[in-house]
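Student: Submitted below is the structure of interest, expressed as structure tokens.
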Amino acid sequence: MRRVKLPNTDLEISALAYGCMRVAGTWNPAEITAERDTAGQASILAAYDAGYTLFDHADIYCAGGCEEIHGRVLKGTPGMRREIVIATKCGIRFGGDPNPDSPHRFDFRSEHIVRSCEKSLVRLRTDYIDIYQLHRPDYLMDPAEVAEAFVALRDAGKVRYFGVSNFLPSKVSALQRHLGFPLVVNQIEVHLGRLAPFEDGTLDQCVGDRIAALAWSPLAGGWLGEGFDAPDSDPRSKLLRAVDEFAALHRVTRTEIALAWLMQHPAPIVPIIGTTKPTRIRQATKAADLDLGREAWYKLMVAARGEGLP
């Protein structure tokens, strides 16, 4: 698979990332059976064998269970850790943590960031995390306190690079002003069905500040991929017809067109593939070598907008 240089780092990563959110097959760690564990490990290995080098995690994915599954893969696959880039996230706390009446909330306190990172390191069975991200903006974020945690983790050799997830440009800038090193990624929802990052300054900032955009749900939860049929009354039908036309022209699938469209952006945009099916994991890699051209890119943008450009 084609690789890209991650801006502001010494990391060369695959043009597609593998998202590990579903590898446990459940969000309840008590439900991780031996069969689910084996299937989850097989999904990660399928991505590794297909050329994916960036693996995306978060501490809330099955309450850490997904990280544990990947940790077992690393233990059983000598040399894998040196060849891959591990990204994980912290900052979301579900209701009931730590007390029964504790609300669902976000937590960017320094002590929570550091403690969360150390727990992820144990679950992943690794000495360091390549990219550590804040998962969703904390309304009570103190950039100076976050910077304190980031510096401590970096100086301890526990994290190489830092990023954010679901941040608008104003919050990225507020945090960046307190760091002595660059944020390297912003993980956002962007796809042909969600164009806001093209308009709200998010992708402009990524290009200007050399921050890679990791695109979660790049197939819009699946409706941009194969198997979804929208009736003419559905506003998505015109977009899907346009995608299908280009898929037929290039003799590829909807998935490949939708992913290639994202990867044409100079940010760069790195789509995160979340399927656990080996055939689809491998299929998605074909998009990395597909060049749509500027005119085709804009035709799909217009179809996605549902109206002409200004």
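Conditions tested, residue by residue: (1) closer than 23 Å to GLY163 by Cβ; (2) part of a helix (DSSP H, G or I); (3) without any contact (Cβ under 8 Å) to a residue 60 or more places away in the chain.
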position: ALA230; (1), (2), (3): no, no, yes
position: ILE257; (1), (2), (3): no, yes, yes
position: ILE281; (1), (2), (3): no, yes, no
position: MET301; (1), (2), (3): no, yes, no
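Student: Criterion first (of a type in the set (Ser, Thr, Tyr) and either in contact with a Phe, Trp or Tyr (Cβ under 7 Å, 6 or more places away or on another chain) or farther than 19 Å from ARG194 by Cβ (or both)) does THR279 satisfy it?
Tutor: yes
Per-residue answers, yes or no, for (1) polar (S, T, N, Q); (2) in contact with an Asp or Glu (Cβ under 8 Å, 6 or more places away or on another chain); (3) closer than 24 Å to VAL85 by Cα; (4) modelled with pLDDT of 95 or more:
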{"residue": "LEU224", "(1), (2), (3), (4)": "no, no, no, yes"}
{"residue": "ALA248", "(1), (2), (3), (4)": "no, no, no, yes"}
{"residue": "ARG254", "(1), (2), (3), (4)": "no, yes, no, yes"}
{"residue": "LEU259", "(1), (2), (3), (4)": "no, no, yes, yes"}
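Student: Can you tell me how many residues within the range 163-200 are touching a Leu at 6+ places or on another chain (Cβ under 8 Å) and part of a strand (DSSP E or B)?
Tutor: Final tally of qualifying residues: 10.
Student: Residues of the range 150-163 being under 22 Å from ILE188 (Cβ atoms) and touching a helix residue (DSSP H, G or I) at 6+ places or on another chain (Cβ under 6 Å), which ones?
Tutor: Scanning the range 150-163 gives VAL159, PHE162.
Student: Among the residues that make up the range 75-93, is at least one of them polar (S, T, N, Q) and out of contact with any Phe, Trp or Tyr (no Cβ under 9 Å at 6 or more places or on another chain)?
Tutor: no
Student: Additional query: Within the range 1-116, which strands (runs of 3 or more DSSP E) (wholly inside it) include 2 or more residues that are of a type in the set (Lys, Arg)?
Tutor: Those strands (runs of 3 or more DSSP E) span 3-5.
Student: Right, something else. From the list ALA63, ALA87, ALA147, pick out the single residue that is surrounded by 15 or more Cβ atoms within 10 Å (Cβ to Cβ), without any contact (Cβ under 8 Å) to a residue 40 or more places away in the chain and under 19 Å from GLN41 (Cα atoms).
Tutor: The match here is ALA63.
The values are calculated or read from the model by the stated rules, or taken from the named source; none is laboratory data. What you see is a predicted model, and the numbers here were worked out from it, not measured in a lab. Using ideal geometry, Cβ is built from the backbone for each residue, glycine included, and neighbour counts are taken over all protein chains shown.
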